[in-house]
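For reference, the structure discussed in these notes is given below.
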Amino acid sequence: MLGALLLLQAATLGGTAYGIDEAMAPPPGPPAWADEFRGRAPAPARWRYDTARNRTGWANHELQYYAADRPANARVEGGALVIEARAEDLSRAGLPDWGGQAYSSARLVSRRTFRTGFLEVRARLPCGRGGWPAIWLLPEGAPWPDGGEIDVMEMVGWQPRVVHATVHSALFNHRLGTQRGAERIVPGACTGFHRYQLDWRPDRIRVGVDGRAFFAVRNDRPGGAGAWPFDRPMSLILNLAVGGDWGGQRGGDAAAFPLRLRIDHVRWWGE
């Protein structure tokens, strides 16, 4: 039974071949690590800003400048983290690493790493053509895609309410057209908060929304680490990109900006 969450089989840059529909839930007891977003700004002890490629440009031909410690782009408001993408002229902002971008946003990376466990991020997504919000994990210091990537939630603004879950590795990634993933329509994704969840185990990864898993992949393919690099610590990334090969596939809607990704909490049970 799919209930209000429906599987979507559509031609996208995400994967669609690993869809499931089954219950999932966090372990009993309090999380081992959490951020409930109190105060006025992301806690420096928990998060850092990633600005490394502002000067040279970000992957996937994205259009944003990722700001650091700039409340216009990242702040805590009403008990939620707000990541805001803005269309603005930054030429006179005095930013030494500005690369000519016409949009600003923020990309936060967790200071701690995670390896096998259960993640829950309660978020309200922005719907607007040109936006590309994501909740995902990458290892520190490992080249892509060899080190692996776990995409818990991606949504492109030209396809609102459709959330994507994908994993990438050296043998299975979008450059080769072999990525493993699934999609689901989430009614109200842009008007209310939903719990985006990851159940990461040594032999299986599942991703779901609001207690229903819609994607699963097992460690059952030949290729060793080329197929399953998901045994190493990874950092959690929260970001809102603009444009890019996927997010900008159908252009942008200038009237939609500013776009805001709101995150009510991040909770982790596990290592």
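The values are calculated or read from the model by the stated rules, or taken from the named source; none is laboratory data. Computed from a predicted model, the values in this text were never measured in an experiment. Because the Cβ atoms are built from the backbone with ideal geometry, glycine has one as well, and the counts that use them run over all protein chains shown. Please note that ligands, DNA and RNA were not included when accessible areas were found on the heavy atoms of the full protein model with its side chains. Shrake-Rupley method; radii C 1.70, N 1.55, O 1.52, S 1.80 Å.
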Take the alpha carbon atoms of the range 146-208, find their center, do the same for the range 48-113, and report the distance between the two centers in whole angstrom. 23
Three semi-axes of the equivalent ellipsoid, the range 37-100, Cα gyration tensor, whole Å, largest first: 23, 13, 11
Heavy atoms only, probe 1.4 Å: what % of the accessible area of the chain goes to carbon and sulfur, would you let me know? 51
Compute the Rg to Rh ratio over the range 11-123 from the alpha carbon atoms, using the Kirkwood formula for Rh, and round to two decimal places. 1.04
GluC sites (Glu not before Pro) in the range 104-208 lying in a DSSP loop, each with at most 14 other Cβ atoms within 10 Å of its Cβ, come to Glu140
Cα principal axis extents for the range 136-247, largest first, Å: 41, 30, 24
Scan the range 14-118 for trypsin sites (Lys or Arg not before Pro) in coil per DSSP, keeping those whose Cβ has at most 10 other Cβ atoms within 10 Å, and list them by number. Arg38, Arg40, Arg92
Note: the range 197-271 at 37 °C, 0.692 mPa s; Kirkwood Rh on alpha carbon pairs; Stokes-Einstein D in µm²/s works out to 207
Along principal axes, Cα extents of the range 170-214, largest first, whole Å: 36, 25, 11
Going residue by residue through the range 139-148, the Karplus relation 6.51 cos²θ - 1.76 cosθ + 1.60 with θ = phi - 60° gives ³J(HN,Hα) values, rounded to whole Hz and with x marking Gly or Pro, of x, 7, x, 9, x, 8, x, 4, x, x
Long-range HN-HN contacts of Gln64 with modeled amide H, under 5 Å: Val242
Which value at 222 nm does the chain reach when only helices count, each DSSP H run of 4 or more adding -39,500 (n - 2.57), with the total divided by all residues and rounded to the nearest 500 deg cm²/dmol? 0 deg cm²/dmol
Using only the alpha carbons, work out the radius of gyration and Dmax of the chain in angstrom. 17.5, 55
Relative contact order of the chain, defined on C-alpha pairs under 8 angstrom at six or more residues apart (%): 31
Accessible area per residue for the chain in Å², computed with a 1.4 Å probe and the full protein assembly in place, what is it? 42
Per-residue accessible area for Glu271 at 1.4 Å probe radius, Å² rounded to 10? 110
Please report, largest first and rounded to whole Å, the three semi-axes of the ellipsoid equivalent to the range 120-201, where each semi-axis is the square root of five times an eigenvalue of the C-alpha gyration tensor. 24, 14, 11
